[in-house]
Amino acid sequence: MATNKTQRGSSGYLPEELIREILPRLPPRHLLRCHTICKAWRRLATGRVLILDHHARQPAQPLLTVYPFVAPQNNCLEAVDLSTNKRRMVARFVERAPRPLSNDAAANLVYKIRVALMVHGSCDGLLLLSFHEAFFVCNPATRQGALLPIPYNGFLHIAGFYKHAASGEYRVLYHQLRYNRVEGLQRKYYVLTLGSQDARNIELRTSSAAVGVGLARRLAGSYNRPPVLLHGSLHWPPQQSQNGNILVFDPAAESFRCIAPPPVALLQRKDHDTRLFELEGTLAMFCWQQDARISDLWFLEDYEEANWVCKHRVELPVELVYEPLPFYPVIPYQEGDMLVPEGCDTVLHYDKTGKLLGSFECFVLGLGITPHVLKESLVIHEFLHTQKNNGGAGEWFSEVEFADGLPVTGMPF
């Protein structure tokens, strides 16, 4: 029946224009339930324009890797709602079969806390993760995912996860040390397009020979120092292999160059750390020192001239903890929010000026505050497969179980 009014239940109606305003504001799991109301609501709730509008309205929630005290001790992935400072479960990872580890119990525990589950990237609601020897990409909102044909070894590092603007493809940039009798030991760079079974070995196009020499040394892994996508290019925090400069990768040309960071970032002191992120549509960098508990917030006001301006100096009223894990005591996110661990069971939430906005407790055996965020999306991708959470042989990866997104009120799972 042709009408601009959509039936609701057995009686009454809502104007379609009003429904289009309501649906993008619903949490993802509630929007999914709208599919079952009637055919008209399903048509509206699955429209691509509405789905993209819904994604744009979702908050960017920092991701935590958690290893709980309680049995079974499964690695968990959680997200933090910065508006309420509450944690919610995203997924847990279950070892279906025991893996051989070393005879050192302490080393095994550190491995399970720090290495077993890692977040390597986030893009448009997709997460790039690794669990033990497997790399995979997943969409927690749609409970879909796929294993990636990336060999897992200690000589391979994920450098970036991004959407290629021209093709719309999602791609992974990684590098690996390879040996052959002719070239010897060399670092090779690869680009894998999601949905493809083969990665491309890319030629290192660089703005100078020095940039190429630095790339041959290494490029920091994206699990703890991810790049920022801005102006169509990936930007990595200052790299020691690039003499302290910011490395930039142009995905269209697949070329590398460098830009200068703020002068203070070139000090390369052991007690000095930097974090790169986007703030107000501009490249921004936090630079802080452990001994002074001071963070400087710099903005790249003139991108072409690499002109940095320090706009905020923040003195945090807590002692920054470098040991035990996590090694990085302050993690900034888009808009300048910072998460700072206090002791072993509390995480503090500050804004870019150093104002305390709240805190949350984490009574767990191991906690990793990652620099990655989840901004949920209900877009369906052909290269992903649905997960039934039954651990069966037909699953694309039987060791992942997606959660219902409810808040964590006690011990996870």
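Tabulated data for the structure shown
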read-out: Some residue of segment 152-164 being part of a loop (DSSP other than H, G, I, E, B), at pLDDT below 95 and over 26 Å from residue 217 (Cβ atoms); value: no
read-out: Residue 278 among the charged types (D, E, K, R), open to solvent by 60 Å² or more (accessible area, probe 1.4 Å) and modelled with pLDDT of 80 or more; value: no
read-out: Residues that are in contact (Cβ under 8 Å) with a residue 60 or more places away in the chain, among the aliphatic types (A, V, I, L, M) and open to solvent by less than 10 Å² (accessible area, probe 1.4 Å), drawn from segment 129-145; value: 137
read-out: Residues located in segment 85-108, provided they are in contact (Cβ under 8 Å) with a residue 60 or more places away in the chain and open to solvent by less than 70 Å² (accessible area, probe 1.4 Å); value: 85, 87, 88, 89, 90, 91, 92, 93, 94, 95
read-out: Pick from segment 113-139, criterion more than 13 Å from the chain's Cα centre (by Cα) and part of a loop (DSSP other than H, G, I, E, B), ranking: farthest from residue 367 (Cα to Cα); value: 133
read-out: Number of positions in segment 43-70 that are crowded, with 20+ Cβ neighbours inside 10 Å, assigned to a helix (DSSP H, G or I) and at pLDDT 85 or above; value: 1
read-out: Options 160, 195: the member that is within 19 Å of the chain's Cα centre (by Cα) and either open to solvent by 80 Å² or more (accessible area, probe 1.4 Å) or in contact (Cβ under 8 Å) with a residue 40 or more places away in the chain (or both); value: 160
read-out: Residue that is surrounded by the most Cβ atoms within 10 Å (Cβ to Cβ) [pool: residues in segment 366-384 that are among the hydrophobic types (A, V, I, L, M, F, W, C) and either at pLDDT 95 or above or in a strand (DSSP E or B) (or both)]; value: 374
read-out: Sole residue being aliphatic (A, V, I, L, M) and in contact with a His (Cβ under 9 Å, 6 or more places away or on another chain), chosen from 107, 116; value: 116
read-out: Members of segment 176-189 that are modelled with pLDDT of 90 or more and either open to solvent by less than 30 Å² (accessible area, probe 1.4 Å) or more than 14 Å from residue 159 (Cβ to Cβ) (or both); value: 176, 189
read-out: Residue match in segment 315-327 (condition: at pLDDT 80 or above and surrounded by 14 or more Cβ atoms within 10 Å (Cβ to Cβ)); value: no
read-out: Condition check for residue 232: open to solvent by 20 Å² or more (accessible area, probe 1.4 Å), under 26 Å from residue 124 (Cβ atoms) and of a type outside the set (Phe, Trp, Tyr); value: yes
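Matching residues to (1) within 24 Å of the chain's Cα centre (by Cα); (2) modelled with pLDDT under 90; (3) closer than 21 Å to residue 122 by Cβ:
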{"position": "297", "(1), (2), (3)": "yes, yes, no"}
{"position": "309", "(1), (2), (3)": "no, no, no"}
{"position": "313", "(1), (2), (3)": "no, yes, no"}
{"position": "364", "(1), (2), (3)": "yes, yes, no"}
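The values are calculated or read from the model by the stated rules, or taken from the named source; none is laboratory data. Just so it is clear, the structure is predicted and the values come from calculations on it, not from any experiment. All Cβ positions, even for glycine, are placed from backbone atoms using ideal geometry, and neighbour counts span all protein chains on display. These area figures cover heavy atoms from the full protein model, side chains too; ligands, DNA and RNA do not enter into them. Shrake-Rupley method; radii C 1.70, N 1.55, O 1.52, S 1.80 Å.
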